[in-house]
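Below is one structure, written out as structure tokens; the observations come after it.
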Amino acid sequence: MTPESTGFLYPFLEAEEHDATSLLADLAASARAKAAESAALQHSTLQECAGQIADAADMIAERFAAGGRMYTFGNGGSSTDAATLADLFSRPPHGRPLPAWSLAADQAVVTALGNDVGFDLVFSRQIIAHSGGHDMAVALSTSGNSADLTLALAEAKRRGLLTIGFAGYDGGRFATDDRVDFCFVVRSQSVHRIQESQALLGYRIWAAVQHRLAGGEGPG
Amino acid sequence: MSAPTAPVIAAGGLDEESAADLAAAALALARRFAAGATLWCVSPSWAPHAHHVAVEFVHPVVVGKRALPAVAVTGPDPVAMARVSVRPGDVILAVAAASDPEVCSMMRRAQAWGAATVWIGNGPRPPAGAADHVLWLEDPDPALPVTGRFVLLYHLLWELTHVCFEHPGLLTPADPECEGETCVTCGDEGRIGEVISPRMPDDGRALVRTATGRELVDTLLVEPVEAGDLILVHAGSAITRLDGDGA
């Protein structure tokens, strides 16, 4: 970074800068602006996806009631959000625990498949091994394009699973692939803001499923 | 019928005090990284959060941002794992409730290990001084950890930390010996130590780990001590025991 381009913003920029006061004020303002942006995106995403959340929750609840299991998966930070979502279903803060787990959680399986058949197949091969007709596959992505995820959703659809994709940007390949039953798109260009909205989407879907399994109807 | 917008914005927004806490944590973290720190991430109840923080720093989503050393500590005994892994100058970041016994233990020991601490959570706050940086959401809803609010906090921490790297002049504290709450200069008034060995065979004193390294300490005033006990060290002697959970 050159002093010419940002000098007007940070008068003490460069190695001679010693007083952190203005930087701290700048960081705090930036944090508040980003948090507001995140909250606004969460709000608009929930509004846009309200109908999809209700429809998906109906089908997820039916499948759990029929003995189905949920598999969640993603890459990098999205794999951890997938694990959080699986934990939410299997170890909920309240309500009924439901069978769900993350396909990225077992390093023996992931590394065995990655090494032997290639990384693109780490999730689809697990779908082949585990799945039954009442099960559900949930892929979390920001691009909606990762090959390991699209291949797993396609395999899941072939086997009669309910397929759900979370994406950002314009939805990527998840949004145009008819093998994805529900594609939840967070319309943002920021990976971080997308993930923050996806987490809330996952939570709302979980809450709606719990509501249905408890005998409730409607939006939950 | 449209839902009210205000509560959603307010719930996800960040108040001024929290934003200031986050800014201070980011600058401290950047300073530690600049000096060679590793970030140790722990979340006993929500291991995916520990993994998410670690991958954020190790493999940034923004192309061109530097990879920084961060590790998720998620095994069955995170305190033991941190004890053997953490080096002076490192940072421990926890995502956990204030009541989490393993995180409480780790946060108390961090001073003896020479580590700075960041604690993210919600509900009842940890007691004052429990961590160097407390990034807290007051909402006690047990579902809050899975709604993206914690994800937002550590995403922001990562984003702000990288902004600090654009200010190299601020990455070295004016007085490196008096950074934060662990002041080496004033240390002789009482430094926290963790007992490694209660009695060295040919010496009789205890081998104790403090932020400045290992030292022999006279424990006569606080006998008996066991490995893992936390003590306050003053002028070569243990003057008090700090908690009862060290055994």
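Table: residues versus (1) out of contact with any strand residue (DSSP E or B) (no Cβ under 9 Å at 6 or more places or on another chain); (2) surrounded by 14 or more Cβ atoms within 10 Å (Cβ to Cβ); (3) in the same structural domain as B:Gln111 (by TED's automatic domain parsing).
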| residue | (1), (2), (3) |
| --- | --- |
| B:Glu189 | no, no, no |
| B:Asp202 | yes, no, no |
| B:Ala206 | no, yes, no |
| B:Ala211 | no, yes, no |
| B:Asp218 | no, yes, no |
| B:Gly228 | no, yes, no |
**Asked** Do we have any residue at all in the stretch A:193-215 that's within 16 Å of A:Gln47 (Cα to Cα) and among the β-branched types (Val, Ile, Thr)?
**Response** yes
**Item:** Test for B:Leu27: is it within 22 Å of B:Gly121 (Cα to Cα), out of contact with any His (no Cβ under 7 Å at 6 or more places or on another chain), hydrophobic (A, V, I, L, M, F, W, C) and more than 12 Å from chain A (Cβ to nearest Cβ)
**Value:** no
**Complete:** Being in contact with a His (Cβ under 6 Å, 6 or more places away or on another chain), buried (at least 24 other Cβ atoms within 10 Å of the Cβ) and within 14 Å of chain A (Cβ to nearest Cβ) narrows B:Val118, B:Val95, B:Val151 down to just B:Val95
**Request:** Check whether at least one residue in the stretch A:148-158 is touching a residue at least 24 places away in the same chain (Cβ under 8 Å), small (Gly, Ala, Ser), closer than 24 Å to A:Leu200 by Cα and not in a strand (DSSP E or B), and report yes or no.
**Result:** yes
**Prompt:** In the stretch A:67-93, which residue that is free of Cβ contacts under 8 Å to residues at least 12 places away in the same chain and outside any helix (DSSP H, G or I) is nearest to the other protein chains (Cβ to nearest Cβ)?
**Reply:** A:Pro93
**Asked** Mind checking which residues of the stretch B:31-73 are closer than 25 Å to A:Leu24 by Cβ and not hydrophobic (A, V, I, L, M, F, W, C)?
**Response** B:Arg31, B:Arg32, B:Gly36, B:Thr38, B:Glu56, B:Pro60, B:Gly64, B:Lys65, B:Arg66, B:Pro69
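From the list B:Gly75, B:Gly129, which residue is at pLDDT below 95 and more than 24 Å from A:Thr80 (Cα to Cα)?
Step by step, each of B:Gly75, B:Gly129 is checked, and only B:Gly129 is at pLDDT below 95 and more than 24 Å from A:Thr80 (Cα to Cα).
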**Asked** Looking only at the stretch B:154-170, which residues are surrounded by 24 or more Cβ atoms within 10 Å (Cβ to Cβ) and either closer than 14 Å to A:Gly202 by Cβ or at the interface with chain A (Cβ under 7 Å from one of its Cβ atoms) (or both)?
**Response** B:His155, B:Leu156, B:Leu160, B:Leu170
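Go through the stretch A:178-202 and report how many residues are surrounded by fewer than 18 Cβ atoms within 10 Å (Cβ to Cβ) and farther than 22 Å from B:Val63 by Cβ.
So the count comes out to 2.
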**Prompt:** Restricting the stretch A:194-220 to residues that are more than 19 Å from A:Asp81 (Cβ to Cβ) and among the small types (Gly, Ala, Ser), which is modelled with the highest pLDDT?
**Reply:** A:Ala214
**Message:** Checking the structure you have, find out if any residue of the stretch A:117-138 is at pLDDT 95 or above, under 16 Å from A:Tyr203 (Cα atoms) and either in contact with a Pro (Cβ under 7 Å, 6 or more places away or on another chain) or part of a helix (DSSP H, G or I) (or both).
**Reply:** no
**Request:** State whether the residues of the stretch B:37-44 include one that is under 25 Å from A:Asp87 (Cα atoms), surrounded by fewer than 23 Cβ atoms within 10 Å (Cβ to Cβ) and outside the structural domain of B:Gly193 (by TED's automatic domain parsing).
**Result:** yes
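The values are calculated or read from the model by the stated rules, or taken from the named source; none is laboratory data. Everything numeric here is computed off the predicted structure, so don't read it as measured data. Glycine gets a Cβ as well: all are built from the backbone with ideal geometry, and neighbour counts include every protein chain shown.
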